[in-house]
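What follows is a single structure, written as structure tokens, with notes after it.
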Amino acid sequence: MKDSQIKKVTIIGAGFVGSTTAYTLMMSGLVSELVLIDVNKDKAEGEVMDLNHGMQFVRPVRVYHGEYSDCAGSDIIIITAGANQKPGETRIDLVHKNTAIFRSIVNEVKKYATDSILLVVTNPVDILTYVTWKLSGFPVSRVIGSGTVLDTARFRYLLGRHAGIDPRNVHAYIIGEHGDTEVAAWSLTNIAGMTMDEFCRTCNKCEGQLSKYEIYNDVKNAAYHIIERKGATYYAVALAVKRIVEAIIRDENSILTVSSLLENKYGVSGVCLSLPTIVNSSGISNVLDLPLNSDEVSLFRKSAESMKEVIDSLDI
């Protein structure tokens, strides 16, 4: 696909994440047609009205609310619908509620949009990416989860803040589950080719020593802290989704830590987890094999085992 051929994006779910994603995509100028679908039609209509009133200030884009039949012709379908994560509730606690919701969504989508790329954002995103792939029958390359793209951004932000470096120049990845078993790939983390330990020894700007444990926990628990304070996370995740959409629309071959079905990665198969992945107009182009150390491989496998246990409990 070429840039000019990708014009239409559908968002299913007009809650906090869906509506913020719609706003972010409208502002980006990436798409020419944007559809919002929600079981609460008044909510979707209200969001569309609000967005359209700002149309004078952005590049031309048609934004409207619709039915599942309006998925037809979509190049990317973003699924943000589902039950919200409540304070004290883990992402995995959501799985059975959201699996039931996804069954109805995916069954409708595949009636009208068999050639689209499906981008799953709803939590628990790794499980629901697997559910979407299983229910849709779509090729693995066209079922993508937002995965640890946001976790990786949080990781780089915290490392950049500690080191006094633009987070865009911090090279680091969170892999595995988007959740409690996620893995920080410390062995590959670097600034200008220097490991964090090497950088911290030379910069002489840090007020304190780098605490890998503290930074990892701040990344892993970030959503819980935000939910406790404001009830939901949506700004940063919407920007992460926009970044994935951009990589697809612009056929960038960008490396993003999206979630997809893995086959024989570090001995892991049959689950959806995040690894640095080449993303382009076809969706998933290639999942990279990283030179992880033995501890990171072990933790990655434990993350996969926890996902496998959840998948085995589902009726799909």
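Can you work out which of the residues in region 72-102 that are surrounded by fewer than 16 Cβ atoms within 10 Å (Cβ to Cβ) and in a helix (DSSP H, G or I) is modelled with the lowest pLDDT?
ASP93
Under the condition of being of a type in the set (Gly, Ala, Ser), free of Cβ contacts under 8 Å to residues at least 40 places away in the same chain and touching a strand residue (DSSP E or B) at 6+ places or on another chain (Cβ under 8 Å), which residue from region 207-259 is nearest to GLN85 (Cα to Cα)?
Here the residue is ALA247.
Taking PHE155 as meeting all but one of (1) within 26 Å of ASN280 (Cα to Cα); (2) outside the structural domain of VAL9 (by TED's automatic domain parsing); (3) in contact with a Cys (Cβ under 7 Å, 6 or more places away or on another chain), write down the number of the exception.
PHE155 satisfies all of (1) within 26 Å of ASN280 (Cα to Cα); (2) outside the structural domain of VAL9 (by TED's automatic domain parsing); (3) in contact with a Cys (Cβ under 7 Å, 6 or more places away or on another chain) except (3).
On the basis of being crowded, with 16+ Cβ neighbours inside 10 Å, closer than 23 Å to GLU296 by Cβ, touching a helix residue (DSSP H, G or I) at 6+ places or on another chain (Cβ under 6 Å) and not polar (S, T, N, Q), does ALA222 make the cut?
Here the answer is yes, as ALA222 does meet what is asked.
Which ones in region 114-125 are more than 16 Å from ILE244 (Cα to Cα) and in contact with a strand residue (DSSP E or B) (Cβ under 6 Å, 6 or more places away or on another chain)?
Hits for region 114-125: nothing passes.
List every residue pair whose Cβ atoms lie under 6 Å apart, where the two residues are 6 or more positions apart in sequence or sit on different chains, the first residue falls within region 280-309 and is at positive phi, and the second residue, located anywhere, is of a type outside the set (Val, Ile, Thr) and part of a helix (DSSP H, G or I).
Between residues of region 280-309 that are at positive phi and residues that are of a type outside the set (Val, Ile, Thr) and part of a helix (DSSP H, G or I), the close pairs are GLY283/SER141; GLY283/ARG142.
Of all the strands (runs of 3 or more DSSP E) wholly in region 226-298, which have at least 1 residues that are farther than 24 Å from ILE77 by Cβ and in contact with a Gly (Cβ under 9 Å, 6 or more places away or on another chain)?
The strands (runs of 3 or more DSSP E) meeting that bar number zero.
The values are calculated or read from the model by the stated rules, or taken from the named source; none is laboratory data. Predicted model only: the values in this text are computed from it and were never measured. Cβ: placed from backbone, ideal geometry, glycine included. Neighbour counts: every protein chain shown.
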